[in-house]
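Structure record follows, encoded as structure tokens.
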Amino acid sequence: MAAPDRRYFDLRATQGRLHQLADGQLAPLPTEVVTHLKHLARWGFTPRWVDLQRDLWILVFATHPDQASTLFHDQNETLAAPAPRRLFLDYDHAHDLGADDPRINDIARRIAEATRARYGPDELPKLDAASEIPALIQGTVNASSPAWRRLDMLIRAQLDT
């Protein structure tokens, strides 16, 4: 099947899943994701972050069901460890900082270092990958806070060097 034809059928399938979700015919999230969201609240994430995560996972599972479980398990595994969880918490709590707050530089540096340590220099995730999922998630996150937009910009710059 040619790429445009494949893209058309993928979009039609996504549209069908979104209609099923809207009609209540499709469970919004697997049980393990719901459990994960409850853990986020207990770990100290803000209600805003938990709601954002819930909405993003609903969208990812509805639009990219073939990749969603792998992405979810990766994030769940990451957050199970205290050090990466602390970075996500710091990111969450940076939401209300001013975009020029110096703490943003420190958070971005620590996230870039942790990313390099996790993936190694040759396996860094492509921040502008062909998949729409990273762009979808980051665009949603960035839209809600000037501090988060700056964090994203700084992290990208540090990982590109």
Checklist entry - How would you rank 90-97, 32-39, 115-122, highest first, on the average number of other Cβ atoms within 10 Å across their residues? => result 90-97, 32-39, 115-122
Checklist entry - What length, rounded to one decimal in nm, is gained on full extension from residue 90 through to residue 114, with 0.36 nm per residue of separation minus their alpha-carbon distance? => result 7.3 nm
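Please state the charge dipole magnitude for segment 29-160, taken about the Cα centre, from unit charges on C-beta atoms (+1 on K and R, -1 on D and E), reported in debye and rounded to the nearest 20. Please report the intermediate quantities before stating the final value.
Values: 15 positive and 19 negative charges, 73 e Å.
That gives segment 29-160 a dipole magnitude of about 360 debye.
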Item to check | Rounded to whole Hz, the Karplus (6.51, -1.76, 1.60) HN-Hα couplings of segment 67-79, x for glycine and proline | outcome: 10, 4, 4, 4, 5, 5, 4, 5, 5, 4, 5, 4, 6
Next on the checklist: Please compute the contact order of segment 29-160 in relative form: average sequence separation of alpha-carbon pairs under 8 Å and at least six residues apart, divided by the residue count, as a percent.
Outcome noted: 25 percent
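Each reported figure results from applying straightforward, stated rules to the coordinates on display, with no laboratory input. Quantities reported herein were computed from a predicted structural model and do not represent experimental measurements. Ideal geometry is used to build each Cβ from the backbone, glycine not excepted, and the neighbour counts take in all protein chains shown.
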